[in-house]
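S.K.: If you scroll down you'll find the structure; I have some questions about it.
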Amino acid sequence: MTEPNKPRPPEAFTLDDPNLELTGEPANAEADAASPKVRTNSNAGSGEPPVTIGARVNETTRRGIRWGAILLAAASALASIALALSFARFVSIAFERSDWIGWAAFALLGIAAFAALMLLLREIGGILRLRRLGRLRADAERLLRQPNLAAERRTVRRITEPFAARPELKWALARLAEHARDIRDPGDLLRLADRDVLQPIDNTARRTVAAAARRIGTVSAISPTAFVTVGWVLIENLRLLRALGALYGGRPGFVGTGRLARMVFTHIVATGGVAMTDDLLGQFLGQDILRRLSRRLGESVFNAALTARIGAAAIEVIRPLPYIDAPRVRARDFLAEITRGSTPGTKPKDAGG
């Protein structure tokens, strides 16, 4: 059994000691890139390791007050106060006038306040509609585990109510109402609503996602800079999420779209270890060949495939029913359409779960 190493006794030295030298590449390049380590060779002949003082120097230099951050925060606060005071002074001066300038300022302020109120109400309504879709999905999943025909009829009625004014769904809703009277087994009504009402909406959502993916692929292929590409991808994906939310009865606003984006991201992360890996295998095998042919073409296909994956995840998140009888929308269904540039059909290639 070996004896434990004895601690090295403290040692005093000065920074101008000729026996001090800089070490090579630091062990932790990311943490110590800004400050090299220093060691002493005073113990070179004794067989003991050199004394390292780089970590102490880093620790000492990082314990300062961040004056730059304080300056930026103070300047931003001053600018905000100055802008608010300028606006308040303008409004007070305009209201003190009794001529047409004062009346025009008062009218414009009223219009701006009314528009802001309408925007606020629309955002609140969009958030409430998204929450309603989430509650409907939770109720449907509970009814699939614990069948109850009376509760199932109420849930299906709440799901189909927002679609009553859509002309393209009138035939599907009429067919659902016709067959609903003959259903006696719990669970069959949810399957019928999923197949007859939500599957046509899924087909429209597929075409919407494929169109957005092709637009992103085209812009990525011809974009002059990466900044333009990233901006376009972000805007196009937010537009896609908002369009998908409107298709399924959500109609989210700006805040609601951000909430939906967070839900989609959480879903992708939660299912990444199972669902995404299966799709990524075939996706990246094909993209490696494309990158060998053209770097820009490979990037365009990657961005389009990423949009397709986000769209497929958004459909699954925002659907008021889980997939029961309707075929699941998967990211791999769009890959051939993205590379070929054709319009997707109403039937996916792989209808498996």
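The values are calculated or read from the model by the stated rules, or taken from the named source; none is laboratory data. Quick caveat: nothing in here was measured; it's all calculated off a predicted structure. Neighbour counts run over all protein chains shown; Cβ positions are idealised from the backbone, glycine included.
S.K.: Could you please give the count of residues in region 228-251 that are touching a Lys or Arg at 6+ places or on another chain (Cβ under 8 Å) and either without any contact (Cβ under 8 Å) to a residue 12 or more places away in the chain or over 15 Å from Ile310 (Cβ atoms) (or both)?
M.R.: Summing the residues that are touching a Lys or Arg at 6+ places or on another chain (Cβ under 8 Å) and either without any contact (Cβ under 8 Å) to a residue 12 or more places away in the chain or over 15 Å from Ile310 (Cβ atoms) (or both) in region 228-251 gives 4.
S.K.: In this structure, does Leu260 turn out to be in contact with a His (Cβ under 7 Å, 6 or more places away or on another chain) and either among the aliphatic types (A, V, I, L, M) or within 15 Å of Ala308 (Cα to Cα) (or both)? Step through it out loud before you land on a result.
M.R.: Working: in contact with a His (Cβ under 7 Å, 6 or more places away or on another chain): no; either among the aliphatic types (A, V, I, L, M) or within 15 Å of Ala308 (Cα to Cα) (or both): yes.
Answer is no for this residue.
S.K.: For region 163-277, list the helices (runs of 4 or more DSSP H) that sit wholly inside it and hold at least 2 residues that are modelled with pLDDT under 85; which are they?
M.R.: Counting at least 2 such residues, we get 170-180, 199-222, 226-247, 254-270.
S.K.: Return the residues of region 80-135 that are charged (D, E, K, R) and assigned to a helix (DSSP H, G or I); say none if nothing qualifies. Don't jump to the end; show me each part of the working.
M.R.: Initially, region 80-135 is screened for residues charged (D, E, K, R), giving 89, 96-97, 99, 122-123, 129, 131-132, 135.
Arg89, Glu96, Arg122, Glu123, Arg129, Arg131, Arg132, Arg135, listed by residue number.
Condition check ((1) among the small types (Gly, Ala, Ser); (2) closer than 30 Å to Glu152 by Cβ) across all residues:
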| position | (1), (2) |
| --- | --- |
| Ile101 | no, no |
| Gly110 | yes, no |
| Ala113 | yes, no |
| Ala116 | yes, no |
| Leu119 | no, no |
| Arg122 | no, no |
| Arg131 | no, yes |
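S.K.: Check whether at least one residue in region 148-157 is assigned to a helix (DSSP H, G or I), touching a Phe, Trp or Tyr at 6+ places or on another chain (Cβ under 8 Å) and at negative phi, and report yes or no.
M.R.: Of all residues in region 148-157, those assigned to a helix (DSSP H, G or I) come to 149-157.
Adding the requirement that they be touching a Phe, Trp or Tyr at 6+ places or on another chain (Cβ under 8 Å) leaves none.
No - not one qualifying residue is present in region 148-157.
So that you can scan it fast, the table gives a plain yes or no per residue for (1) surrounded by 13 or more Cβ atoms within 10 Å (Cβ to Cβ); (2) in contact (Cβ under 8 Å) with a residue 60 or more places away in the chain:
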position: Ala69; (1), (2): no, no
position: Ala82; (1), (2): no, no
position: Leu85; (1), (2): no, no
position: Ala112; (1), (2): no, no
position: Ala116; (1), (2): no, no
position: Leu121; (1), (2): no, no
position: Gly134; (1), (2): yes, no
position: Asp139; (1), (2): yes, no
position: Ile159; (1), (2): yes, yes
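S.K.: May I pose another question? Please indicate, with yes or no, whether at least one residue in region 165-173 is out of contact with any Ser or Thr (no Cβ under 9 Å at 6 or more places or on another chain), farther than 26 Å from Leu240 by Cα and free of Cβ contacts under 8 Å to residues at least 40 places away in the same chain.
M.R.: Yes, there is a match, as at least one residue in region 165-173 is out of contact with any Ser or Thr (no Cβ under 9 Å at 6 or more places or on another chain), farther than 26 Å from Leu240 by Cα and free of Cβ contacts under 8 Å to residues at least 40 places away in the same chain.
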